[in-house]
Ligand SMILES: [Zn+2]
């Protein structure tokens with residue numbers, strides 16, 4: 001290493017300090033609480049040494065010179081032979097024969113500089129052939145296994161036409177693990193209120209969902225990941241799995257994963273455009289643009305589709321977006337995606353063809369933002385309000401939907417009153433809940449101006465929109481008690 005450092009121009013004084021430092025380096029092994037005697041460290045850079053990454057990089061800087069240009073692949077007008085991230089090395093070749101030659105070159109380099117390659121952890125990935133097993137590769141005397149997939153920098157790459165096929169399974173596995181971990185911690189201290197669930201999602205789970213998404217992005221994968229996100233929040237809100245997604249996102253004021261991934265993709269695309277032309281990533285990007293223009297379906301095809309959607313919403317043109325100032329891109333993307341999703345969300349909840357179940361929800365919900373009642377500490381009160389607001393309940397209007405033969409909405413009657421058993425009836429009219437209603441109405445009169453003179457629909461809408469904590473508690477308790485009365489009307493008759 002010091003020979004190489006001297007060759008690339010390190011001063012002799014600095015090298016003297018470093019050789020002195022390395023001559024005194026020693027290591028010990030800690031295992032099951034035992035510490036071995038220290039021994040001299042004569043190979044490699046010091047563990048966790050502040051200069052170690054830089055020295056290692058300098059040491060391997062000449063690797064490219066020992067690899068053959070003929071064995072590399074052409075990217076734009078340059079030849080790429082390898083990618084190196086710390087000690088993670090990736091060789092690329094257009095054919096099996098050239099790859100074997102490159103492996104031999106690497107072996108020579110390693111022998112010369114006393115480097116060791118772990119043959120067991122080294123894998124060959126062959127793209128574009130039906131039977132990759134027919135190729136045999138060796139590194140020195142060791143056979144190298146041909147694999148159908150390889151994890152590079154945490155991303156699983158497969159040898160299929162789409163190298164990111166089934167990446168959702170890998171990501172979801174990590175997300176479920178994170179969820180179980182969160183649950184373990186939370187169960188030990190109490191319960192996860194929705195605002196904390198949103199926070200945990202943003203800081204612990206979203207980074208797992210986002211990781212590498214700029215590269216593997218596809219609408220299909222985004223949809224699969226979004227299913228996980230919906231389950232996570234529905235479980236936290238204690239509502240049924242078939243509760244409309246719009247209501248869940250609306251109650252929490254949380255954007256769907258698909259929107260988040262589109263933002264990441266556009267941020268990355270903007271960054272690629274700002275990279276210098278000498279950057280390897282920029283070469284790959286330019287190659288993808290060229291292939292897209294030639295009619296191939298590439299990463300750029302997907303990214304440009306998302307960009308076209310975005311610029312049409314934002315009233316920009318493609319060029320304008322790519323020229324935006326880097327510091328303002330994130331804020332612009334955040335603002336425009338939020339505004340656009342909020343508009344679409346409002347349109348959906350008001351469109352009975354899209355959200356049939358939300359015929360009542362639209363009467364009181366019009367803002368895409370976190371609801372205050374979700375901060376009530378009592379889980380049962382919170383859940384009762386959530387279920388009632390989002391039609392995740394057992395009132396006749398919902399039960400009729402789940403009959404073998406769906407009962408028309410106007411015939412889903414309350415058994416006691418023989419009128420349509422919907423949320424308004426349950427809250428303000430039903431004879432079953434009459435005995436407990438006065439407490440709720442008194443509280444409503446206290447917090448809602450002219451409450452008693454309003455029409456039933458307006459009374460309902462005002463009750464569901466009221467944000468006063470005391471009133472929300474009263475509403476939650478009414479709903480819990482009313483639920484018992486409906487399930488067991490006889491047992492609760494005063
Ligand atoms: Zn009734």
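A short reminder: the numbers here are calculations on the coordinates, not readings from a lab. If you're wondering where the values come from, they're calculated on a predicted model, not measured in any experiment. With ideal geometry, Cβ positions are generated from the backbone for all residues, glycine too; neighbour counts draw on all protein chains shown.
Computed on the Cα atoms alone, the convex hull of region 194-324 gives a volume of 128 cubic angstrom per residue.
With N residues in region 188-270, what two-decimal value do you get for its Cα radius of gyration over 2.2 N^0.38 Å?
In units of the globular-protein estimate, region 188-270 measures up at 1.14.
The angle between the Cα long axis of helix 12-23 and the main principal axis of the chain comes to about 70°, on a 0 to 90 degree scale.
Show that you can apply the helix-only estimate: for the chain, add -39,500 (n - 2.57) for every DSSP H stretch of four or more residues, divide by all residues, and state [θ] at 222 nm to the nearest 500.
On the way: 22 runs with 253 residues, N = 494.
That comes out to -15500 deg cm²/dmol.
Take the Cα gyration tensor of region 282-347, multiply each eigenvalue by 5, square-root it, and list the three semi-axes largest first, rounded to whole angstrom.
On the way: eigenvalues 131, 46, 17 Å².
Equivalent-ellipsoid dimensions as semi-axes: 26, 15, 9 Å.
Over all pairs of different C-alpha atoms in region 66-109, the reciprocal of the mean inverse distance, the Kirkwood hydrodynamic radius, equals 10.6 Å. Quick note on region 196-236: its Rg to Rh ratio, both from C-alpha atoms and Rh being the Kirkwood radius, is 1.00.
Starting from 0.36 nm per residue, how many nanometres of slack lie between residue 370 and residue 56 once their C-alpha separation is accounted for? Could you put the intermediate results ahead of the total?
Working: separation 314, 0.36 × 314 = 113.04 nm, distance 4.95 nm.
That pair, residue 370 and residue 56, stretches by 108.1 nm at full extension.
Translational diffusion of region 405-489 was estimated from the Stokes-Einstein equation, with Rh taken as the Kirkwood radius over Cα pairs; at 4 °C and 1.567 mPa s the coefficient is 95 µm²/s. Placing dummy labels 7 Å off each Cα toward the beta-carbon, the span from residue 280 to residue 129 is 2.4 nm.
Do me a favour and compute the ellipsoid semi-axes for region 278-414 from its Cα gyration tensor, root of five times each eigenvalue, largest one first, whole Å. Let's see the in-between values first.
Working: eigenvalues 408, 84, 41 Å².
That gives 45, 20, 14 Å for the three semi-axes.
Give me the percent of Cα-Cα pairs in region 1-151 that sit more than 25 Å apart, rounded to a whole number. Could the numbers behind the result be given before it?
Numbers: 4951 of 11325 pairs.
Result: 44 percent of Cα pairs exceed 25 Å.
Okay, which of region 108-143 sit inside 15 Å, backbone N to the point 7 Å along the Cα-Cβ direction of residue 89? The answer is 108-124, 138-142.
Full extension of the chain segment joining residue 77 with residue 455 gains 128.7 nm, where the gain is 0.36 nm per residue of separation less the Cα-Cα distance. Region 1-76 and region 332-403 have Cα centres separated by 59 Å. When the alpha carbon gyration tensor of the chain is reduced to an equivalent ellipsoid, its three semi-axes come out at 61, 27, 22 angstrom, largest first.
Considering only Cα atoms, the convex hull volume of region 137-246 works out to 143 Å³ per residue.
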